[in-house]
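Participant: Have a look at this one before I ask anything.
The values are calculated or read from the model by the stated rules, or taken from the named source; none is laboratory data. These numbers come from a predicted model, not from an experiment. Don't worry about glycine lacking a Cβ; one is built from the backbone with ideal geometry, like all the others, and counts go over all protein chains shown.
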Amino acid sequence: MYIALISIIIFICVLLVLVVLAQNPKGGGLSSQFGGSTSQLMGVKRTGDLLEKLTWGFAIALVVLTLATHMIGNTGDGAVRSVNEERARQSQMPAAPAGALPGAATDTTAAIPGAGEIPAMVDTATQE
């Protein structure tokens with residue numbers, strides 16, 4: 001189901017690109033290619049209206065299918081599809097105690113200094 005939704009999304013993206021490229025930014029578009037004028041002729045609407053409706057329809061379908069793909073992809077079984085999610089889960093895991101890892105030595109170079117070891121702050125902006 002997931003693969004089918006992704007395939008439909010790709011197909012809609014291609015159709016959306018084609019519809020957008022068929023439009024003319026100045027209002028001519030396909031209707032000017034076939035000799036149509038901007039007025040209605042015998043009750044037939046302009047081609048630009050159809051292209052605009054198709055653009056909106058494809059865009060809305062793309063958003064809906066993308067959200068559906070996300071909902072189907074979140075099955076809650078613990079499978080991770082994203083590299084970022086995997087890294088976030090690894091960073092939330094508690095660290096192993098220092099003695100638990102074989103060959104691990106205690107590193108004291110990153111220890112927090114005491115209050116007496118911190119030098120006094122000097123304000124260089126007021127100093128002449």
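Participant: Looking at (1) under 30 Å from ILE6 (Cα atoms); (2) at pLDDT below 75, can you tell me which one HIS70 breaks?
Facilitator: Tallying (1) under 30 Å from ILE6 (Cα atoms); (2) at pLDDT below 75, HIS70 fails exactly one: (2).
Participant: Considering every residue within segment 28-44, establish whether at least one is modelled with pLDDT of 85 or more, surrounded by 12 or more Cβ atoms within 10 Å (Cβ to Cβ) and not in a loop (DSSP other than H, G, I, E, B). So that I can check it myself, show each step before the final result.
Facilitator: Filtering segment 28-44 down to residues modelled with pLDDT of 85 or more leaves none.
No, there is no match, as no residue in segment 28-44 is modelled with pLDDT of 85 or more, surrounded by 12 or more Cβ atoms within 10 Å (Cβ to Cβ) and not in a loop (DSSP other than H, G, I, E, B).
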